[in-house]
Protein chains: 2
Amino acid sequence: MTLRVGIAGLGTVGGGVVKLLAAQAGLITARAGQEIKVTAVSARSRRDRGFSLDGFTWHDGPVALAADPDVDVVVELIGGSDGPAKALAEAAIAAGKPVVTANKAMLAMHGPELAALAEARGVTIAYEAAVAGGIPVIKVLREGLAGNGVSRVAGILNGTCNYILTTMREEGRDFADVLADAQKLGYAEADPSFDVDGIDAAHKLAILAGLAFGARIDFAALHIEGIRRISDLDISFAQELGYRIKLLGIAERKEDGISLRVHPAMVPLSRPLATVDGVFNAVQLEGDFSGPVFLRGRGAGEGPTASAVVADLVDIARGVRIPVWGQAATSLAPARVLPMAAHEGAYFLRLMVVDQPGVLADVTAILRDHGISLESMLQNGRKPGESVPIVLVTHETSEAAVNGALARIAKLPSVLEEPALIRIEP
Amino acid sequence: MTLRVGIAGLGTVGGGVVKLLAAQAGLITARAGQEIKVTAVSARSRRDRGFSLDGFTWHDGPVALAADPDVDVVVELIGGSDGPAKALAEAAIAAGKPVVTANKAMLAMHGPELAALAEARGVTIAYEAAVAGGIPVIKVLREGLAGNGVSRVAGILNGTCNYILTTMREEGRDFADVLADAQKLGYAEADPSFDVDGIDAAHKLAILAGLAFGARIDFAALHIEGIRRISDLDISFAQELGYRIKLLGIAERKEDGISLRVHPAMVPLSRPLATVDGVFNAVQLEGDFSGPVFLRGRGAGEGPTASAVVADLVDIARGVRIPVWGQAATSLAPARVLPMAAHEGAYFLRLMVVDQPGVLADVTAILRDHGISLESMLQNGRKPGESVPIVLVTHETSEAAVNGALARIAKLPSVLEEPALIRIEP
């Protein structure tokens, strides 16, 4: 018996899948109970990719690949929420073939609808590779924690941002400088906005939240901030205060809805997420019976992502059929996503002020007016008449109160720049 | 549709499963695609356990439970490698019913044979709860990393030992003192040897190794050391040298066989395992494509273990049928387990010596004779004529060389106690 695989998209991940299936053929046959073999491929060009395409049927278009009678399962590695990727997934489902995909954008935007199509047709969509690469977080959440109500998911979901933040801290360099280097090294794209503006992490968070809460997530409802505004000054203050700055994706169940947000956060050094550095990803899950479960591994790259795609193929070969979202797609409830203004937590605020008498009195009076109390205040060094940073760490308060106070503080004549705000995540 | 569950053993875990299934009935039905309901139980006595047994059929013996026509799946929570637990598993399999178990001893001793019986009968044995409680490590290894050759598994697999070692370090107390407290708190058994002598961790390691390497593991071939001989002195030297002492279970694929060992180890503070404290468990897996995958969570207790049992029940309800050991039980190869003398690594050695001229010359001459070179040497304070500790950290060397050298060193008149040896794990 052979499971015949058609792969659309032969970039880094597609090549990795071809290589992995060839390198581990014996082991995979033993584990899957049948041979798993690539029979057909499709890509934008037939250029040399460093591995042979001999023995694979070539298709010019992905939809033709889906229709190939020698293809039992379709691996979609084209990318993009719509266009050819979605057309391929729909064609495969219509042909009664399971789909394996690494496409977080497509799942975040169209996951429930595609799942409903697939379930109506009796096939599955598998997407372990879409979130956190080599970490089997989809499997852990959907199967390993199936007995739990999940109250919170928090993760470092974008390796590019984590690499940039780690390098800024370790080398004391600023964002633009490190980004330029990351682009040269291939850790960041020429157009880095998908990564550094938090969109990629948000796609992954939307998928995890849908699974964790059995909910339909409206992607437009997520609060998304990237890391462009993180300064080396904030990184060194974080160090001084016992935090690390990480771009986190957080999904939390609250009394009146779900909080869904991607933003830089101050993470206390004692927390497992704080020490996940470089290109590593990590996810912390809170189950009501399991307690906290923390996972850490490589979030991207040829090997880890291919490992995830092949795990899905082995599942399919083993006959595993689990609902795409952990429950029938038609049973997913629309999530009530809370507005960011309703967020409550502690805040790190940094002001650049003229070092002159009375500034602090003005700032603290405004905070008092908005009901915000301080846990600590930090001002390093004195430069009378010049610009100095003041750091304020608040007790738990509401985002609405902080926004109100900052709008007034920003208008004080002695405050020289837009204040910096970084949420503290316990 | 209903999956009808019979539970044998109503201790902490059994009670947890009854409570979890009741508390999350709606969520589990949605996820499993059918109701999962306890219909029958069996235990040593009908004493009050804080939850009602109304509605469950009571069986005096586990084998009768397996035969109950209203039971579709048997949950074995009796414990013990043989006796009633094994009789129950065999009876359930013979009756064509899947078995869910938390019994690491039974799986470590009889796993492959039971799996062969189960596979011949077309049923499964599920055992997520047998290793690391709330961490779905069986699923991650057997399914999530199915495309990988696994080269190494290293874990903190016994919460009792980790709690004792953590408390010794944090409170500067000695082993016996902390153990007595742990017994009072219920973290350690009245007879603690299963935990503190490393047997429990070794059972779990044998299971992980069998899965990782597709091998039949001869439990008697494991090297097992516990934590009784760890002194507060070693813990403070570890601190000084940048290590934490952890009881690790390690399975490594080497060129000529498999290394399988449970022993206290010095773990560099920069490694994820070093900062896993208290009753938490953690496992580090090395896949050849995935790279390192690190998992951390609660290793024991009512909630986490019940979460693991219920995940297995949900899998069964969903129709998931994966070979017990990740490949056909009949295809498991006998593992060639390397003798501990063949181990190579760096060592922490602590001698208690009379502080007098010439001691160090004698010791270093012996090390030289055995080809052992030192990375560092530590002697804090001086007490001429009195007993002082000397710590030696070696470069990579062989266990055989270290044993040879220590046998001679122990006989030096100036060496007052049996030298302490703790392996350093990178």
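Some observations on this one:
- Taking the listed residues B:D218, B:D181, B:D200, the one that is free of Cβ contacts under 8 Å to residues at least 60 places away in the same chain and not basic (K, R) is B:D181, with no other qualifying.
- Only strands (runs of 3 or more DSSP E) whose full extent lies in region A:38-152 are considered here, and the ones with at least 1 residues that are of a type in the set (D, E) are A:73-76.
- Considering residues of region B:1-33 that are assigned to a loop (DSSP other than H, G, I, E, B) and of a type in the set (A, V, I, L, M) only, the residue farthest from the other protein chains (Cβ to nearest Cβ): B:L10
- Among (1) modelled with pLDDT under 95; (2) touching a Lys or Arg at 6+ places or on another chain (Cβ under 7 Å); (3) among the β-branched types (V, I, T), the one test that B:V391 misses: (1)
- All positions within region A:47-76 that are closer than 19 Å to A:A317 by Cα and crowded, with 17+ Cβ neighbours inside 10 Å: A:A66, A:D68, A:V71, A:D72, A:V73, A:V74, A:V75, A:E76
- Flag if A:I36 is of a type in the set (A, V, I, L, M, F, W, C), touching a Leu at 6+ places or on another chain (Cβ under 8 Å) and within 12 Å of chain B (Cβ to nearest Cβ): yes
- Conditions (1) touching an Asp or Glu at 6+ places or on another chain (Cβ under 9 Å); (2) facing chain B (nearest Cβ under 7 Å); (3) under 20 Å from B:V320 (Cβ atoms); number of the one not met by A:S290: (1)
- Restricting attention to region B:193-232, the residues that are in a helix (DSSP H, G or I) and modelled with pLDDT of 95 or more add up to 22.
- Single condition B:G404 does not satisfy, out of (1) without any contact (Cβ under 8 Å) to a residue 24 or more places away in the chain; (2) outside any loop (DSSP other than H, G, I, E, B): (1)
- Single condition B:F280 does not satisfy, out of (1) more than 14 Å from chain A (Cβ to nearest Cβ); (2) out of contact with any Phe, Trp or Tyr (no Cβ under 6 Å at 6 or more places or on another chain): (1)
- Residue selected from region A:328-359 under the condition part of a loop (DSSP other than H, G, I, E, B) and within 14 Å of chain B (Cβ to nearest Cβ), by the criterion nearest to A:V38 (Cα to Cα): A:A328
- Among the residues making up region A:378-426, those that are out of contact with any helix residue (DSSP H, G or I) (no Cβ under 8 Å at 6 or more places or on another chain), of a type in the set (A, V, I, L, M, F, W, C) and under 29 Å from A:P339 (Cβ atoms) are A:A401, A:V402, A:L406, A:A407, A:A410, A:I424.
- Those residues of region B:22-32 which are in contact (Cβ under 8 Å) with a residue 40 or more places away in the chain and either surrounded by fewer than 19 Cβ atoms within 10 Å (Cβ to Cβ) or of a type in the set (K, R) (or both), in sequence order: B:R31
- The requirement of being farther than 30 Å from B:V283 by Cα, at pLDDT 95 or above, outside the structural domain of A:G226 (by TED's automatic domain parsing) and assigned to a helix (DSSP H, G or I) is not satisfied by A:A176.
- Failed condition for A:S151, given (1) in contact with a Lys or Arg (Cβ under 6 Å, 6 or more places away or on another chain); (2) crowded, with 24+ Cβ neighbours inside 10 Å: (2)
- Which listed residue is within 14 Å of chain A (Cβ to nearest Cβ) and modelled with pLDDT of 95 or more, from B:I125, B:I93, B:I138, B:I78: B:I138
- Residue match in region B:53-69 (condition: out of contact with any helix residue (DSSP H, G or I) (no Cβ under 6 Å at 6 or more places or on another chain) and closer than 30 Å to A:L141 by Cα): no
- Qualifying positions in region B:379-401 - more than 32 Å from the chain's Cα centre (by Cα) and assigned to a strand (DSSP E or B): B:S387, B:V388
- Count - residues of region B:250-302 that are free of Cβ contacts under 8 Å to residues at least 60 places away in the same chain and within 30 Å of A:V18 (Cβ to Cβ): 4
- Count of residues meeting criterion [β-branched (V, I, T) and surrounded by fewer than 19 Cβ atoms within 10 Å (Cβ to Cβ)] in region B:349-387: 3
- Residues satisfying the stated conditions in region A:309-327, i.e. surrounded by fewer than 21 Cβ atoms within 10 Å (Cβ to Cβ) and either at positive phi or not in a loop (DSSP other than H, G, I, E, B) (or both): A:G319
- Residues (of a type in the set (V, I, T), closer than 30 Å to B:T275 by Cβ and more than 7 Å from every other protein chain (Cβ to nearest Cβ)) located in region B:296-327: B:T305, B:V309
- Pairing residues of region B:147-173 that are away from chain A (no Cβ under 14 Å) and free of Cβ contacts under 8 Å to residues at least 12 places away in the same chain with residues that are part of a helix (DSSP H, G or I) and among the charged types (D, E, K, R), at Cβ distances under 7 Å and at least 6 apart in sequence or on separate chains, gives no pairs at all.
The values are calculated or read from the model by the stated rules, or taken from the named source; none is laboratory data. Since we're looking at a predicted model, the values are computed, not measured. Reconstructed Cβ throughout: ideal geometry from the backbone, glycine too, with neighbour counts over all protein chains shown.
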